[in-house]
Amino acid sequence: MKKTIRQLVTYCKKKFNTNNPFEIANCLHIEVQVGNLGTRAGCYMYLKRHKCIFLNDNLEEHEMKLVMAHELGHAILHPRENCYFIRNKTLLLNSKNEIEANKFAMELLISDEVLEENREFTIEQLCRILGYHEKLIKLRLQ
């Protein structure tokens with residue numbers, strides 16, 4: 001039986017004792033490079049049998065963590081495919097791979113405990129509290 005995204009995230013968090021996407025990538029020997037990517041926020045590439053994540057150096061810390069979690073999702077869920085995260089566009093795409101990577105990122109970054117502690121808030125309020133786009137919060141709540 002194929003594991004769900006939630007099960008994969010739970011496994012990674014327990015195995016590596018963290019929900020930090022940078023630490024998980026390090027444990028999985030995924031190379032991470034930060035530099036000028038132009039309009040791209042980040043990308044995942046499979047190069048010469050190596051998993052590589054590239055992040056734009058102009059991202060704010062919160063956005064960097066989100067993009068890293070998204071690209072880590074690609075590295076784990078779509079290991080042989082090259083995937084690009086274009087700021088303000090990838091969140092709006094409906095491709096299966098992008099939705100899966102976004103779901104992975106949200107499962108990793110927003111714990112059940114945080115959702116439980118904030119259960120009385122609306123989705124709009126959660127967006128402001130957690131700093132994520134409404135579409136991502138809705139994806140996490142599904």
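Summary of values
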quantity	calculated
In Å², nearest 10: area of residue 133 left accessible to a 1.4 Å probe	90 Å²
Neighbour count of at most 12 Cβ within 10 Å plus DSSP loop: longest GluC sites (Glu not before Pro)-free window in the chain	1-59
Total formal charge among the other residues, if their Cβ is under 14 angstrom from that of residue 27, Lys/Arg +1 and Asp/Glu -1	+2
Pairwise centroid distance, computed over Cα atoms, of region 18-35 with region 115-134, Å	26 Å
Net charge, residue 49 excluded, C-beta distance under 15 Å - Lys, Arg +1, Asp, Glu -1	+1
Cβ-placed point charges (K, R +1; D, E -1), dipole of the chain about Cα centre in debye, nearest 20	720 debye
Candidates 73, 42, 131: whichever shows maximal mean-square fluctuation once the chain is modelled as a Gaussian network with Cα springs under 10 Å	131
Diffusion constant of the chain at 25 °C, which comes from Stokes-Einstein with the Kirkwood Cα-pair radius and 0.890 mPa s, µm²/s	160 µm²/s
DSSP beta bridges in the chain [antiparallel fraction, %, rounded to 5]	65 percent
Relative contact order (%) - criterion: Cα under 8 Å, at least six apart; region: the chain	22 percent
Global form of region 17-64, assessed from the alpha-carbon gyration tensor, a/c cut-off 1.5	oblate
Amide H contacts of residue 51 (H built 1.01 Å from N, under 5 Å, at least 5 apart or other chain)	31
Extreme residue, positive dipole direction of region 1-46, given options 17, 46, 28 (C-beta unit charges)	17
GNM flexibility winner over the chain from 127, 43, 52 (Cα, springs under 10 Å)	127
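The values are calculated or read from the model by the stated rules, or taken from the named source; none is laboratory data. Given the structure is predicted, the values throughout are model-derived calculations rather than measurements. Using ideal geometry, Cβ is built from the backbone for each residue, glycine included, and neighbour counts are taken over all protein chains shown. The area values use the complete protein model at the heavy-atom level, side chains included, leaving out ligands, DNA and RNA. Shrake-Rupley method; radii C 1.70, N 1.55, O 1.52, S 1.80 Å.
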